[in-house]
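As structure tokens, the structure follows; a few thoughts come after it.
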Amino acid sequence: MIVTGRVLDGNGQPLAGAKMEIYQAANNGDYSGVYDDGVPKFNLRGHLFTDDDGRYTFTTVTPVAYADANLMANDQTVEAAVALGRSLYRPAHIHYEIHHPDLITPWRGEIYFKGDPVIPVDFLGAKIAHPALQADTTLHEDPKRIAEAGFEGPYRSMEFDFPLKTRTSPDSPAKAVPA
């Protein structure tokens with residue numbers, strides 16, 4: 001997956017030099033550094049800085065929905081989820097932490113994917129994946145485009161902008177990303 005977008009202030013102006021810390025789970029649901037499970041310490045973790053136009057780009061594996069094996073092994077947790085009509089699976093998502101001197105506080109959150117069937121039954125609650133935190137993805141299957149991107153097979157892309165509250169933002173930014 002190729003992920004692109006911009007980090008903007010509440011006036012829609014770019015936040016150049018914003019530090020973005022980014023991480024996600026592997027396809028089996030494991031996060032690096034959480035358990036002593038052999039997953040490399042910084043697997044699927046990294047950081048980057050936005051350019052002068054507030055733009056960012058990175059390439060990663062396409063996230064998938066996953067269940068934490070430790071939760072699945074706890075019968076009481078499984079029973080509680082069933083009783084609440086929830087799944088123990090988390091919807092596919094990417095974690096972001098954004099730092100910039102103009103931000104009132106760093107932004108921390110997860111970006112989800114529109115149409116993920118796990119969102120309504122997420123055991124953390126469907127509201128955590130607010131619609132403003134859901135991005136469209138595009139599947140690319142054209143052989144020429146695949147080759148240009150440097151992949152061997154079909155891939156996805158996603159574009160997501162982060163309009164964030166800064167010290168100079170209006171009191172009510174038109175479309176700020178929920179904190």
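The values are calculated or read from the model by the stated rules, or taken from the named source; none is laboratory data. Please read all numbers here as calculations on a predicted model, not as lab measurements. As a convention, Cβ positions derive from the backbone with ideal geometry for all residues, glycine included, and neighbour counts pool all protein chains shown. Ligands, DNA and RNA are stripped out before the accessible areas are found, and what is left, the full protein with its side chains, is counted by its heavy atoms. Shrake-Rupley method; radii C 1.70, N 1.55, O 1.52, S 1.80 Å.
Some points to look at:
- Among the trypsin sites (Lys or Arg not before Pro) found in the range 86-158, those both in a DSSP coil and sparsely packed, with 14 or fewer other Cβ atoms within 10 Å of their Cβ, are Lys114.
- Stretched out straight at 0.36 nm per residue, the stretch from Ala26 to Asn11 would grow longer than its current Cα-Cα span by 1.8 nm.
- Computed from Cα positions, the angle between helix 75-84 and the longest principal axis of the chain comes to roughly 70 degrees.
- Relative contact order (%) - the chain, alpha-carbon pairs under 8 angstrom, separation at least six: 28 percent
- Pairwise label distance in nanometres, His47 with Arg167, each label 7 Å out on the Cα-Cβ vector: 2.0 nm
- Between the exposed loop cleavage positions of the chain, defined as GluC sites (Glu not before Pro) in a non-H, G, I, E, B DSSP state with at most 10 neighbouring beta-carbon atoms within 10 angstrom, the longest gap is 1-140.
- Projecting the Cα atoms of Thr168, Ala92, Asn74 onto the charge dipole of the range 58-179, computed from C-beta unit charges around the Cα centre, puts Thr168 farthest toward the positive end.
- Here Cα extents along the principal axes in Å was calculated from the structure, and among (i) 43, 36, 25; (ii) 72, 69, 23; (iii) 50, 45, 32 it sits at label (iii).
- Heavy-atom surface of the range 31-139, accessible at 1.4 Å and reported per residue (Å²): 59 Å²
- Of the residues Met72, Met158, Met20, the one that moves most in a GNM of the chain with alpha-carbon contacts below 10 Å is Met72.
- Looking at the range 24-147 alone, DSSP beta bridges between its own residues are antiparallel in about 75 percent of cases.
- Partner lysines for Lys127 [C-alpha distance under 26 Å; skip if fewer than 8 residues away on the same chain]: Lys114, Lys165, Lys175
- Placing R0 at 30 angstrom, the Cβ-Cβ distance between Glu79 and Lys114 gives a FRET efficiency of 0.45 after rounding to 0.05.
- Full-extension gain in nm, Arg55 to Arg145, via 0.36 nm per residue minus C-alpha separation: 30.2 nm
- Calculated mean residue ellipticity at 222 nm for the chain: -3000 deg cm²/dmol, from DSSP H runs with n ≥ 4 weighted as -39500 (n - 2.57), summed, divided by the residue count and rounded to 500.
- Counting protein heavy atoms only, the chain has 52 percent of its accessible area on carbon and sulfur, 1.4 angstrom probe.
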